[in-house]
Amino acid sequence: MLLSDFSRKWYCRAMLKTIIWSFISSLLLYMHLTASAGSIPNFEGTDAIYGKDDRSFIDKKFNVKMLELSKSIALIVSKDAVQKNFLYSLIKGQVLSDTTGINLCLDEVFSNHHTVYGCTGFLIGEDLLASAGHCFMNQSDCDNKLIAFNVQTRNETKNGYRIFNKNIYECSEIINHVFDDDGIQDYSVIRLKKKASGIKPLKLRRKGQIATSDQVFMIGHPLGLPLVKTTNAIVNDISEAHSFKTTLDSFEGNSGAPVFNSKTFEVEGVLVRGEEDFLQDQAHQCYRYQVYDQGTIDSPSIRGEGVNRISDLLPFLK
């Protein structure tokens, strides 16, 4: 009888300790994820792909409108890159300057941040996500990829990005997918397994089309980095019926990102292709961002990043 009483007391004490430590761990995790992004330094002043480098991480310093838009934009990664835990998941990555990453030169912007192989997507309905066609080619892609919203610099750890599970969604089905041989049309519309909670679909252009006099910007996940905004781009070719070209500074990983009209904040299209991202620095045995001439509105560059017009996706929203 004495042994039974003792056992019960020991069990109660052990359970109490477990509950207390679970609470403390959850509190510490919350404090870590809500900490300021200032703990991870940003680099400025290096050359961009088109003209002046104006890329910057989306964080609390941005105005309310930009923060609102960024909530609807997601990082798409393979399930193999995600380590699931009870409250959060770790998206595993490599530092850009590491040889196991891209081996980016140390003095290049973002070189000390983690790169993750993936794409970008954005919410266009309560449970609908738009992306590039080459990001969701078939049902296998749907089954083996995860969609993580609100990936910011404050989520970065020494091994990648730590994201609350509530911000991670799965693909249910591919509603439509187009990826033609010449890359003119390249988009996908997928359905999520559940409606996005606390996230608003982005506003899309419903009438008319973009002009060469329009300015555009983009929010996405270049190289699998946290949310990055790219501005000050011009539209330099609108001759194709299903796409247009612009001088947005973009990289692999930006595929599927929304391209916004700078005046209306409507989505004009889906970023799908572009020029070469890097060139090798033979002297330092590392890679640098490729630099192209932006040109002007009156005399635009012949180069540019390809954008699939959002009008191609509108029929699937009815």
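The values are calculated or read from the model by the stated rules, or taken from the named source; none is laboratory data. These numbers were taken from a predicted model, which means no experiment stands behind them. Glycine gets a Cβ as well: all are built from the backbone with ideal geometry, and neighbour counts include every protein chain shown.
Applying the set (1) of a type outside the set (Lys, Arg); (2) closer than 18 Å to GLY118 by Cβ; (3) out of contact with any helix residue (DSSP H, G or I) (no Cβ under 7 Å at 6 or more places or on another chain) to PRO201 leaves exactly one unmet item: (2).
On inspection, ILE58 fails the criterion of being surrounded by 21 or more Cβ atoms within 10 Å (Cβ to Cβ) and at pLDDT 95 or above.
In segment 95-113 there is no residue that is modelled with pLDDT of 90 or more, in the same structural domain as LYS229 (by TED's automatic domain parsing), farther than 14 Å from TYR287 by Cα and assigned to a strand (DSSP E or B). Only one of SER172, SER188, SER213 is exposed (fewer than 14 other Cβ atoms within 10 Å of the Cβ) and either under 21 Å from the mean Cα position of the chain (by Cα) or in contact (Cβ under 8 Å) with a residue 60 or more places away in the chain (or both). Can you tell me which? When all the criteria are applied, what remains is SER213.
If the condition is being out of contact with any Ser or Thr (no Cβ under 9 Å at 6 or more places or on another chain) and surrounded by fewer than 17 Cβ atoms within 10 Å (Cβ to Cβ), then segment 67-85 contributes LEU67, GLU68, SER78, LYS79, ASP80, LYS84, ASN85.
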